[in-house]
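Have a look at the structure below before the remarks.
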Amino acid sequence: MVLNDRLLSDAKFYGKLIGILLDKEDTISGKIKGTALERRVMILKVDPEEYPDYLIRITRGVIPCLSVLTPNMELVGIIESNNVDYMITSLKDMLNSFETKRIRPVKIPEYTPEPLEPSEASIFDTVNKVIDQQKADFRVIEMIKTISRVEKRYSTVEKFLSPMDEVASYLLGGGDLKGEFAIYEAVKTIKGDSSKLEEYVKDGKVFRSSKKENWGLLIDEAIVGYAFLMSYLREGKDEYLEQAIKIRDYVKRELETEKGFRDTVPKDPLTSITYLEPLANAEIAIFLSALWQATGDEETRRMAIKALGIASVRSDFLGVSARIAHSLLRLNHGILTSIPGNYEDVRVMLNKGVNCRFKQGDKCAEKLEEFSGLGLED
């Protein structure tokens, strides 16, 4: 990780602050090298795509951003600008204000909200937000495709989909995913395309990217685990289910807390600050609910419900509500099949212990189409 023990020790010894530049390029270090600023602050460049666990703790989500910290992980201030000269001038002013005690650093707070009860109303909320033309991420698209296929009253809602980003566009058949990130490989697998997913996982630990600098992020663990389950659903190979179980075990061991699941494995003083991120908890709920379908393991179901409690704190966000909806469809209205295949329905999961072709609750059927409709009421 970026904030190692030696760096923090040096910062304390020399009385320096730490400036974390979240940007793809280091635009500052060269300009302050050899100046008085270099004796007052250490500048560390952090790739926001590689380290979203830093981004979420010390920024407002605006990039480029220079966040200034004390060696004790107190936040002195945040500078947001594309203008390097402005950023340096603002940094000088900030340091002067800090040294003359006109700025008092603040402790970076934990985020551990009280869980809420998840609601199936999230299913209808997802549909309504899509109709209102809110941008859809790949999970929203996945949900809407299922709903429009199996629920007649929503058969035309798919035409309202507007992709949020390149991942969403890819799932809709547009373009390719460039960059060697675990999430990209997982989405390729979920779609049914070839990928290098196995290269990003070791004993349940998922590496953020091919750089293998960062690992154990809840969002990555969740999407990669789900991708293995989609391979298991299509091909029926136990090795995919075993990979998913290892990821579940890693998440339980490294990320579970009393209320929900941490966004990342603690690796340094910054990532040790507990943060229960709702979107990531919603994502892990999808994975765990699908794994529960595949195994019938009640501990896995308990974990999924716990994650949904934190996710429900931000159910007003489209991406979160779609993930809550997906998980609840699996937990409450899931369909088990004994036959591997390519089922484009988020309710379906392979379970080799099922004694009929398709099963929902106590009902068995020969065709998936017999379970048309979600069985929900507004």
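The convex hull drawn around the Cα atoms of region 99-177, when projected onto a plane and averaged over every direction, covers 9.8 nm². Mean-square fluctuations from a GNM of the chain, with a 10 angstrom spring cutoff on Cα atoms, peak among Glu221, Glu185, Glu120 at Glu120. Charge dipole of the chain (Cα centre as origin; +1 on each Lys and Arg Cβ, -1 on each Asp and Glu Cβ, all else neutral): 660 debye, rounded to the nearest 20.
Springs join every pair of Cα atoms under 10 Å in this Gaussian network model of the chain, and among Phe228, Phe160, Phe181 the largest mean-square fluctuation is at Phe160. Taking the Cα centre of region 237-378 as reference, the dipole from Cβ charges on Lys and Arg (+1) and Asp and Glu (-1) amounts to some 220 debye.
Here, region 1-47 is characterised by an Rg to Rh ratio of 0.96, where Rg is the alpha-carbon radius of gyration and Rh the Kirkwood radius. Highest mean packing first, where packing is the average number of other Cβ atoms within 10 Å per residue, the peptides 344-352, 365-373 line up as 344-352, 365-373. Along its three principal directions, the equivalent ellipsoid of region 205-272 from the Cα gyration tensor extends over semi-axes of 24, 14, 8 Å, largest first.
Projecting the Cα atoms of Leu91, Tyr200, Pro340 onto the dipole axis of the chain, where Lys and Arg carry +1 and Asp and Glu carry -1 at the beta carbon, places Leu91 farthest toward the positive end. Relative protection proxy for 186-196, 248-258, 108-118, from highest mean packing down: 186-196, 248-258, 108-118 (other beta-carbon atoms within 10 angstrom). Peptides 201-212, 8-19, 301-312, ordered by how many other C-beta atoms sit within 10 Å of their residues on average, highest first, read 301-312, 201-212, 8-19.
Give the Debye-formula value of log10 I(q)/I(0) at each listed q (0.18, 0.23 Å⁻¹), with one equal scatterer per alpha carbon of region 191-306, two decimals each. With no solvent term, the Cα-only Debye profile gives -0.87, -1.36.
As an equivalent ellipsoid, region 51-100 spans semi-axes of 18, 16, 6 angstrom, where each value is the square root of five times an eigenvalue of the C-alpha gyration tensor, largest first.
Which of the trypsin sites (Lys or Arg not before Pro) found in region 28-64 are loop residues per DSSP with 11 or fewer other Cβ atoms within 10 Å of their Cβ? Those satisfying the criteria are Lys33, Arg60. Using C-alpha pairs under 8 Å with a sequence gap of at least 6, the mean separation divided by the residue count of the chain gives a relative contact order of 15 percent.
Each pair of Cα atoms in region 171-227 enters the Kirkwood radius, and Stokes-Einstein at 10 °C and 1.306 mPa s then converts it into a translational diffusion coefficient of 141 µm²/s. Its Kirkwood hydrodynamic radius, worked out from the mean inverse distance over all distinct Cα pairs, puts the chain at 22.2 Å. Strictly greater than 15 Å: what percent of every Cα pair in region 282-352 meets that? It works out to 49 percent of all Cα pairs. If you take all other residues with their beta carbon under 10 Å from the beta carbon of Cys356, and give Lys and Arg +1 and Asp and Glu -1, the sum is +2. Principal-axis analysis of the Cα atoms of the chain puts helix 318-333 at an angle of about 40° to the longest axis.
Lacking any other cysteine beta-carbon closer than 4.7 Å, the following Cys residues of the chain have no compatible partner: Cys65. By the compact-protein rule of thumb, 2.2 N^0.38 Å, the alpha-carbon radius of gyration of region 45-194 corresponds to a ratio of 1.45. Of all beta bridges that DSSP places with both ends in the chain, some 70 percent have antiparallel geometry. Here is how the number arises for the chain: DSSP H runs of 4 or more residues each give -39500 (n - 2.57), the sum is divided by the residue count, and the result at 222 nm is -13000 deg cm²/dmol.
Comparing Tyr14, Leu3, Ile32 along the charge dipole axis of the chain, the residue lying farthest to the positive side is Tyr14, per the Cβ-charge model. Taking only the C-alpha atoms of region 131-231, the Rg (one decimal) and the largest Cα-Cα distance, Dmax (whole number), read 14.9, 47 Å. Taking every protein chain into account, the accessible area of the chain amounts to 45 square angstrom per residue (probe 1.4 Å).
The values are calculated or read from the model by the stated rules, or taken from the named source; none is laboratory data. Quick caveat: nothing in here was measured; it's all calculated off a predicted structure. All Cβ positions, glycine included, derive from the backbone under ideal geometry; neighbour counts span all protein chains shown. Heads up: the accessible areas ignore ligands, DNA and RNA and are worked out on the full protein's heavy atoms, side chains in. Shrake-Rupley method; radii C 1.70, N 1.55, O 1.52, S 1.80 Å.
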